[in-house]
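Inspection log for the structure reproduced underneath, given as structure tokens.
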Amino acid sequence: MKDFIEGEIIAFDKPYRWTSFDVVGKARWLLCHKLGVKKLKVGHTGTLDPLATGVVVVCTGKQTKRIDELQQHTKEYVATLQLGATTPSYDLEKPVDATYPTGHITRELVEKVIPSFQGEQWQVPPMFSAVKVDGKRAYALARKGEEVELKPKLLVIDEIEILSFDAERMQLTLRIVCSKGTYIRALARDIGRRLESGAHLIALRRTRVGDITEKDCMTMEQFDEMLRNDTINR
């Protein structure tokens, strides 16, 4: 039996175009409706971009005290990059703003460049990110057309593996294991630059947070069904 008021940890498979706050909001609404309460502490342990899918860990009740701890956990992603083109958001949120030559990019060059991203890296966050600048989110400033300078942050990429490279379509799929604060969109930007071209994300899935994998996740529909089956403590 689950006790969501006392505190539980729930793993959700975030749908495409949902924000992490959408997941929290929907879970809170379903729980409050089921439990007959007006308020319930619910929070997530790490933002996942709207255009990404995969693992979002949600805490309820007293387990929300563990959010800071859980945010430190290593994360794993599967990312697909489109080489030869960039967008202002480094993903599909914004249209392509520049194209670059790709004739020199071979499998051999990719295999040479990708391992150089393993280990400690200084990374400048994307302008379209939740990083705060003078108390305001960078993405809010970016959407207003304002330019701000974001400071690079030190992070760790524990593993980076080439899953596939389509030389005809110039698409590269990677598995990445990394520390908190790593922006895969910014990694795509940096990989494009190191390949002396451009790149942006066209698909991203978070497959693991700490020991929680995508296999441990529920869809929101499955969560709703679980609550309807009354398998929780009131």
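Read-outs throughout are calculated quantities, based only on the coordinates presented, and are distinct from any laboratory measurement. Given the structure is predicted, the values throughout are model-derived calculations rather than measurements. Glycine also receives a Cβ, built like all others from the backbone with ideal geometry; neighbour counts cover every protein chain displayed.
Which net charge results for the neighbourhood of P126, defined as the other residues with beta-carbon distances under 9 angstrom from its beta-carbon, given Lys and Arg at +1 and Asp and Glu at -1? Local charge sum for P126: +1.
Here D190, D216, D211, D49 are placed in order of increasing Cβ neighbour count within 10 Å, fewest first, which gives D211, D216, D190, D49. Shape class of the stretch 192-234 from the alpha-carbon gyration tensor: prolate, with a/c at 1.5 or above and a/b greater than b/c.
As a rough footprinting exposure proxy, the listed residues D22, D97 were ranked by other beta carbons within 10 Å of their own, and the order from fewest upward is D97, D22.
For the listed residue pairs K132/K153; K75/K215; K75/K132; K39/K215; K2/K39; K2/K65, the alpha carbons are over 20 angstrom apart in K75/K132; K39/K215.
For the stretch 75-209, averaging the sequence separation of C-alpha pairs within contact (under 8 Å, six or more residues apart) and dividing by the residue count gives a relative contact order of 43 percent.
Computed per residue of the chain from DSSP H runs no shorter than four, each worth -39500 (n - 2.57), the mean residue ellipticity at 222 nm is -6500 deg cm²/dmol. Here is the list for the stretch 26-97: trypsin sites (Lys or Arg not before Pro) lying in DSSP coil, each with at most 10 other C-beta atoms within 10 angstrom of its C-beta, are K38, K39.
Which shape class applies to the stretch 161-206: rounded if a/c is under 1.5, otherwise prolate when a/b exceeds b/c and oblate if not, where a ≥ b ≥ c are the square roots of the Cα gyration tensor eigenvalues? Oblate. Applying a DSSP loop filter and a limit of 12 other Cβ atoms within 10 Å to the GluC sites (Glu not before Pro) in the stretch 1-70 leaves E6. A viscosity of 1.567 mPa s and a temperature of 4 °C, combined with the Kirkwood radius over C-alpha pairs in the Stokes-Einstein formula, give the stretch 75-209 a diffusion coefficient of 85 µm²/s.
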